[in-house]
Amino acid sequence: FFFFNDTATTEIYTEQIVGSVRCVQETDYKDFQYASVWADDIKDQGFKMFDQWHYMDRPVNEQGFLLNFDHSRHNNAEWIIQQISGALTNQVAINSLTIEKSQMLRFLIHIFGDIHQPLHTSTLFNEEFHTEDGDQGGTQYKIEYNLTSRNYSSLHYFWDSGAGVLPDLHQRPLTSDNFTWVSNYSSYLLNKFPREKLKDQLSKKQPMDWILESYSIARTFVYGQLNGSHVITEDYRDKAYAIVEQRLVLGGYRLCDYLLNLFKDFPIEVLQKFAYQNQQQDTKEQNSKYQARNLRWK
């Protein structure tokens with residue numbers, strides 16, 4: 001969500017809000033780009049208990065299978081957005097920025113991205129996938145993709161990877177070239193999709209609206225255009241990528257608006273204090289690195 005700073009006013013607030021993310025003193029994940037992927041990266045450390053926070057699957061069931069599927073259950077993306085929003089702004093702890101709040105803000109940033117990816121809001125049921133969880137959001141839907149040398153194990157991974165077009169940025173830490181690409185790509189998307197061009201979509205203000213929007217795309221295009229096929233054609237890839245671009249921008253704009261509204265009553269002096277502490281910590285870290293380098297030279 002590098003599209004966050006789309007206005008001067010937003011930029012001021014973002015720097016302060018990101019300061020709350022950075023109150024966790026870690027080497028990585030204290031910048032906005034890192035914060036946005038933290039919720040996925042911790043899975044590699046075995047933290048799987050939060051997996052259901054990343055999606056809210058609704059059945060795509062065009063063939064009318066009898067289902068034993070509860071898509072209204074709690075512990076899903078829409079529910080956790082509500083819970084985190086309340087926790088970040090509760091009156092008991094509003095004057096503090098804690099590690100717990102920092103981590104929950106990272107989840108919130110990440111989940112906004114997930115619910116704009118159609119396969120985080122849907123699961124397919126048909127003759128091939130008729131078990132209790134369907135194709136599990138496309139993770140069990142194997143595809144044949146021969147358009148580039150990259151291999152995609154599932155339909156879900158294909159969409160997670162920007163319809164096979166976006167580069168692989170899974171390595172940590174990100175390189176300076178990675179950050180340059182992110183900056184240039186975000187500028188390109190913002191120029192292509194200014195707010196006024198997305199006025200109708202941005203009038204939808206509730207997370208459930210966005211989830212249903214993604215679900216509609218999953219039903220009509222992601223699964224509908226494939227019509228049971230497992231082969232990704234060039235035409236499907238190109239149309240899918242056009243959808244990806246718009247979903248990325250919408251997710252960024254909506255995250256921006258949501259956080260500005262969420263933190264509108266947050267004590268500004270608290271944010272400023274922690275922003276200052278983070279700046280001091282950065283200076284301390286840089287000094288430590290400098291001293292360690294001098295020791296190696298001696």
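The values are calculated or read from the model by the stated rules, or taken from the named source; none is laboratory data. Note that the structure is a prediction, hence the values are computed from the model and not measured. With ideal geometry, Cβ positions are generated from the backbone for all residues, glycine too; neighbour counts draw on all protein chains shown. Ligands, DNA and RNA are stripped out before the accessible areas are found, and what is left, the full protein with its side chains, is counted by its heavy atoms. Shrake-Rupley method; radii C 1.70, N 1.55, O 1.52, S 1.80 Å.
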Taking Arg237 and the conditions (1) assigned to a helix (DSSP H, G or I); (2) out of contact with any Phe, Trp or Tyr (no Cβ under 9 Å at 6 or more places or on another chain); (3) open to solvent by less than 70 Å² (accessible area, probe 1.4 Å), which numbered condition does it fall short on, given that it satisfies the others?
(2)
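Looking at Ser216, Ser183, Ser229, which is the one that is open to solvent by 30 Å² or more (accessible area, probe 1.4 Å) and outside any helix (DSSP H, G or I)? Talk me through it step by step, then tell me what you get.
On the way: Ser216 fails: outside any helix (DSSP H, G or I); Ser183 fails: outside any helix (DSSP H, G or I).
One residue alone meets the criteria, Ser229.
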Taking Tyr157 and the conditions (1) closer than 16 Å to His120 by Cβ; (2) open to solvent by less than 70 Å² (accessible area, probe 1.4 Å); (3) part of a helix (DSSP H, G or I), which numbered condition does it fall short on, given that it satisfies the others?
(2)
Sort out which residues of segment 152-204 are farther than 26 Å from Gly224 by Cα and hydroxyl-bearing (Ser, Thr, Tyr), and write them in order of number.
Thr175, Ser176, Thr180, Ser183, Tyr185, Ser186, Ser187, Tyr188, Ser203
Residues of segment 40-50 being open to solvent by less than 50 Å² (accessible area, probe 1.4 Å) and of a type in the set (D, E, K, R), in sequence order, are Asp41
Segment 253-266 residues that are under 17 Å from Gly113 (Cα atoms) and of a type in the set (Lys, Arg), paired with ones that are at pLDDT 85 or above and open to solvent by less than 30 Å² (accessible area, probe 1.4 Å) (beta carbon under 9 Å, 6 or more apart):
Arg254/Phe112; Arg254/His116; Arg254/Leu202; Arg254/Pro207; Arg254/Trp210
Are any residues in segment 165-182 without any contact (Cβ under 8 Å) to a residue 40 or more places away in the chain and in contact with a Lys or Arg (Cβ under 9 Å, 6 or more places away or on another chain), and if so, which ones?
Asp168
Would you mention how many residues in segment 160-180 are out of contact with any helix residue (DSSP H, G or I) (no Cβ under 7 Å at 6 or more places or on another chain), part of a loop (DSSP other than H, G, I, E, B), closer than 20 Å to Ile217 by Cα and open to solvent by 60 Å² or more (accessible area, probe 1.4 Å)?
0
Out of segment 158-176, which residues are small (Gly, Ala, Ser) and over 14 Å from Asp114 (Cα atoms)?
Ala163, Gly164, Ser176
I'm told Ile232 meets every condition in (1) modelled with pLDDT of 95 or more; (2) out of contact with any Phe, Trp or Tyr (no Cβ under 7 Å at 6 or more places or on another chain) except one. Can you identify the failing condition by its number?
(2)
